Amino acid sequence: MDASAPHQDDPEGRQSRRLEVLASLSDGLPTLPAYVFELNSLLSSKPVNLKRVAEVIRTDPSLTAQMLRVCNSAFLGLRKKIESIDHAVILLGTERLRTLVLTCSLLEYVGHSIASEDIQSFWQHSFLTAALSERLARGTGYPQPEQAYLAGLLHDIGALPLLLVNSSRHGDEVAVPSRTWSENVEQEFEQFGTDHCEIGRWIGVSWSFSPTLLDVMVTHHTPRQASQDPRLVGIVAAADQFCVGRGVMLGASPAELPETHLSREVLTEYIPGLASEEASQLQEMLETDFLHLIQLMEFGAAGLFGGGIPTNPFRESGG
């Protein structure tokens, strides 16, 4: 039997894995810090109140330490050590700050329990989907682009318990590469007896998410079924599919999968009221922004996962 194939003929194993997923949720259901929502709002406003941002960050020792570690890493190439959160806030800038804040909150749940390549590809996909969702929101006149960013970042949060269970089975004959079931809810169900959309709903309920955010988690693979805010769901679904088309998905990297394009037809289908001409403009915008965002993604990977990158797009000339 192909180890990478879904276990369609393994109902007992599927039930066992489902119970493990449920146990991982009941034993250690992740808690999203309250400051995440306030910081996301603060960092999305114009102008940004950097003093208030620094005050909120200082309320969390773990986030404070992580920010200072990133600022003082060899990655940024600074000659002088950064010891002040106020200085770090100014140095990092709002977009990198928001990425760091939200990502730290997500990664704190999984710790070292998930294979580093899986958690890194999860983070990359989540960050790019979030950033492109915000771009699409602004490009289509959606009134709450910061909500689109947060929804994009959290849309696949239900995959984390699946990764936890799968990682616990490394070396076991039933463990399978994440790329065989990621972004495919049918194969997830065959593997685990549930899928990341349903688990996302459970987590969202425990975090007291709004019905709109819950709708994104549940229907981003089936945007026509959205009931709360079809436009927001469609925006996240389109950004999600764009990333998948570039190979930025769980268990894969952009260099490993053939590139496919998000068609105008898909954009107009996913985002209600979008005209064909607007869809063409959005296609071009996504292509351009993706190249820029890849650099920001590398920043996060270097800072949060300790990896290196070949060049430093943020170092000042002569720095």
**Asked** Would you say THR103 is modelled with pLDDT under 80, open to solvent by less than 50 Å² (accessible area, probe 1.4 Å) and among the hydroxyl-bearing types (Ser, Thr, Tyr)?
**Response** yes
**Request:** Tell me, yes or no, whether the stretch 129-148 has at least one residue that is part of a helix (DSSP H, G or I) and under 22 Å from GLU186 (Cα atoms).
**Result:** yes
**Item:** Residues of the stretch 83-94 classified as at pLDDT below 80 and either surrounded by fewer than 16 Cβ atoms within 10 Å (Cβ to Cβ) or of a type in the set (Gly, Ala, Ser) (or both), total
**Value:** 1
**Request:** Consider only pairs whose beta carbons are under 6 Å apart and that are at least six residues apart or on different chains; among these, list those whose first residue lies in the stretch 261-285 and is charged (D, E, K, R) and whose second residue is at pLDDT 85 or above.
**Result:** ARG264/ALA279; ARG264/SER280
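Based on what the data block shows, is GLY13 of a type outside the set (S, T, N, Q), touching a His at 6+ places or on another chain (Cβ under 9 Å), modelled with pLDDT under 70 and farther than 25 Å from ALA148 by Cβ?
Working: of a type outside the set (S, T, N, Q): yes; touching a His at 6+ places or on another chain (Cβ under 9 Å): yes; modelled with pLDDT under 70: yes; farther than 25 Å from ALA148 by Cβ: yes.
It is true that GLY13 is of a type outside the set (S, T, N, Q), touching a His at 6+ places or on another chain (Cβ under 9 Å), modelled with pLDDT under 70 and farther than 25 Å from ALA148 by Cβ.
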**Request:** Exactly one condition in (1) open to solvent by 50 Å² or more (accessible area, probe 1.4 Å); (2) at pLDDT 90 or above is not met by LEU213; state its number.
**Result:** (1)
**Item:** Members of the stretch 50-61 found to be of a type outside the set (A, V, I, L, M, F, W, C) and open to solvent by less than 80 Å² (accessible area, probe 1.4 Å), listed by number
**Value:** GLU55, ASP60
**Item:** Test: residue in the stretch 44-54 that is in a helix (DSSP H, G or I), within 24 Å of LEU293 (Cα to Cα) and in contact with a Lys or Arg (Cβ under 8 Å, 6 or more places away or on another chain)
**Value:** yes
**Complete:** When VAL185 is run through (1) modelled with pLDDT of 85 or more; (2) open to solvent by 10 Å² or more (accessible area, probe 1.4 Å), the failure sits at (1)
**Asked** Restricted to the stretch 188-206, and to residues that are open to solvent by 40 Å² or more (accessible area, probe 1.4 Å) and not aliphatic (A, V, I, L, M), which residue is modelled with the lowest pLDDT?
**Response** SER206
**Message:** Pull out all pairs, ordered by first then second residue, where Cβ-Cβ is under 7 Å, the residues are six or more apart or on different chains, the first lies in the stretch 183-199 and is under 13 Å from ARG14 (Cβ atoms) and part of a helix (DSSP H, G or I), and the second is modelled with pLDDT under 85 and open to solvent by 50 Å² or more (accessible area, probe 1.4 Å).
**Reply:** GLU190/GLN8; PHE192/ARG18
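Report yes if GLY303 is touching a Phe, Trp or Tyr at 6+ places or on another chain (Cβ under 7 Å) and either at pLDDT below 80 or of a type in the set (A, V, I, L, M) (or both), otherwise no.
yes
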**Asked** Within the stretch 67-82, is there a residue that is under 18 Å from LEU50 (Cα atoms), at pLDDT 75 or above and either exposed (fewer than 15 other Cβ atoms within 10 Å of the Cβ) or among the β-branched types (Val, Ile, Thr) (or both)?
**Response** yes
**Request:** State whether one or more residues within the stretch 212-220 are in contact with an Asp or Glu (Cβ under 7 Å, 6 or more places away or on another chain) and of a type in the set (S, T, N, Q).
**Result:** yes
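The values are calculated or read from the model by the stated rules, or taken from the named source; none is laboratory data. This one's a predicted model, so the numbers in the text were calculated from it and none came from an experiment. Cβ atoms come from the backbone with ideal geometry, glycine included; neighbour counts cover every protein chain shown. All accessible areas refer to the heavy atoms of the entire protein, side chains included, with ligands and DNA or RNA removed. Shrake-Rupley method; radii C 1.70, N 1.55, O 1.52, S 1.80 Å.
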